[in-house]
Amino acid sequence: AMLRRHPVPPGTNFEPLILAAQSAKIELDTSSSLGLAKSLDAADQLEGRPYVSTLLRILATRCMLQAVYFCSGTTAESEFKYAHRLLPVSLAV
């Protein structure tokens, strides 16, 4: 099976996102993907600023590294522990 994962981005990739959030007086937790998701969800609740959350989410996707595709069994599970999506690929020629 072909699997897809995103390597963990370096902390410096989050600097533009953090600066944008700070300018909107929003604190983001970039220590983990769950923390970031919760921070972005909290930003959704801000009244009177409907587009701030959308812009932060766009910036968050730019922090990610490009996806890496690999065959199951060729990579240590610790590197793709959340790989739960398969890429259906036809092997017929």
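Read-outs: derived from the displayed coordinates by stated rules, not from any lab. Remember, predicted model here, so these are calculated numbers, not experimental data.
Here are the numbers for this structure:
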| quantity | calculated |
| --- | --- |
| Linear extension gain, Lys38 paired with Leu55, 0.36 nm per residue minus alpha-carbon span | 4.6 nm |
| Rg/Rh for region 1-73, where both radii come from Cα atoms and Rh is the Kirkwood radius | 1.07 |
| Per-residue HN-Hα couplings for region 29-40 [Karplus 6.51, -1.76, 1.60; θ = phi - 60°; Hz; x = Gly/Pro] | 9, 9, 6, 7, 5, 5, x, 5, 4, 5, 5, 5 |
| Vicinal HN-Hα couplings computed from phi for region 47-63 (Karplus, 6.51 cos²θ - 1.76 cosθ + 1.60; Hz; Gly/Pro x) | 8, x, 9, x, 9, 4, 4, 4, 5, 5, 5, 5, 5, 5, 5, 6, 7 |
